[in-house]
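Here is the structure we will look at.
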Amino acid sequence: MDYSPTLAIGTAIFEVSVAIWALRGPGRRPIIRTTSAILLLLAAYQLVEVLVCSRVPVYGFMPQMAFIVVTWLPPLGLLLIAQLSPAQSTINYAISYFMLAVAFSIVVWIAFDNRFVSDSVCNIVYAKYSNPMPRFQIYSWFYWLGLFGMVVLSALGVRNSPHSRQQKLLKSVLVGSLGFIVPGVLVARFIAPAEGALPSILCHFALILAIFLTRLINQERRDSSYIYLRANHRRAVD
């Protein structure tokens, strides 16, 4: 069946809108900026996939661009968890900075290796990419370690955080991560036409992550507004 860009474009519009809404509102700026960056990268993948499947003149580099975009997602997810986990922030920051450095190296590699993606095929609402081995194995190890780290570190943060506010925010990351990883893997594993389409399928299911990040932003804005009002009240009383 022919590829339809409707889902990708609709998802991108939602993710960009939430990112703009987040950046224009209150909240701790590092958390807001990192969350917005994740949302914008998710939207960017959707738009790149539309270009890949539309076979536009610049198609040649677009499959590589798709992998460049998603490379940044796990490290930024780890950075967000570090920003939300003051109880274990030192090790979390170290892990996220290491993964960001590795991501930068991988992005440079993909940008200059025109053999990283050998072909792409689009079907209905997702794209399938062909990647020669062992290139893709190296990339897969990096990507899955990042996703695994997001689940494990956010779960540890929920368990170890002494503050209910931090626990709520970390739960949004944890549930959002599981919400797109688990169904994405199941679809790619058990639906035959989806074989080789895991990167695309994960990014489409990442709409679930985007929804929970929206919830996170909303909670952060409410908490920040409450703290601001309470501080003003104390100053007025004093």
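The values are calculated or read from the model by the stated rules, or taken from the named source; none is laboratory data. Values in this document were obtained by computation on a predicted structure and should not be read as measured data. Note that we place each Cβ from the backbone using ideal geometry, even for glycine, and neighbour counts take in every protein chain shown.
Does S224 satisfy being out of contact with any helix residue (DSSP H, G or I) (no Cβ under 8 Å at 6 or more places or on another chain), at pLDDT below 90 and buried (at least 16 other Cβ atoms within 10 Å of the Cβ)?
Yes, satisfied.
Considering each residue of the range 77-102, count those that are aliphatic (A, V, I, L, M) and surrounded by fewer than 21 Cβ atoms within 10 Å (Cβ to Cβ), and give that number.
Here the count works out to 7.
Check Y139, Y126, Y143 and return the single one that is surrounded by 14 or more Cβ atoms within 10 Å (Cβ to Cβ), under 23 Å from F205 (Cβ atoms), in contact with a helix residue (DSSP H, G or I) (Cβ under 8 Å, 6 or more places away or on another chain) and modelled with pLDDT under 85. Break it down into steps so the answer makes sense when it comes.
Details: Y139 fails: modelled with pLDDT under 85; Y143 fails: modelled with pLDDT under 85.
Answer to the selection: Y126.
When the residues of the range 157-178 are filtered to those that are among the hydrophobic types (A, V, I, L, M, F, W, C) and at pLDDT 95 or above, which remaining residue is nearest to A206 (Cα to Cα)?
In this case the residue turns out to be L178.
Name the residues in the range 164-180 that are in contact (Cβ under 8 Å) with a residue 12 or more places away in the chain and closer than 12 Å to L84 by Cβ, would you?
Quick first cut of the range 164-180, residues in contact (Cβ under 8 Å) with a residue 12 or more places away in the chain only: 165-166, 168-180.
Residues satisfying the conditions are R165, Q166, K168, L169, L170, K171, S172, V173, L174.
Can you find even one residue in the range 52-62 that is out of contact with any Ser or Thr (no Cβ under 6 Å at 6 or more places or on another chain), buried (at least 18 other Cβ atoms within 10 Å of the Cβ) and not polar (S, T, N, Q)?
So far as the range 52-62 goes, yes, one or more of its residues are out of contact with any Ser or Thr (no Cβ under 6 Å at 6 or more places or on another chain), buried (at least 18 other Cβ atoms within 10 Å of the Cβ) and not polar (S, T, N, Q).
Can you tell me which residues in the range 1-51 are in contact with a helix residue (DSSP H, G or I) (Cβ under 7 Å, 6 or more places away or on another chain) and among the basic types (K, R)?
R28 - this is the single residue of the range 1-51 that is in contact with a helix residue (DSSP H, G or I) (Cβ under 7 Å, 6 or more places away or on another chain) and among the basic types (K, R).
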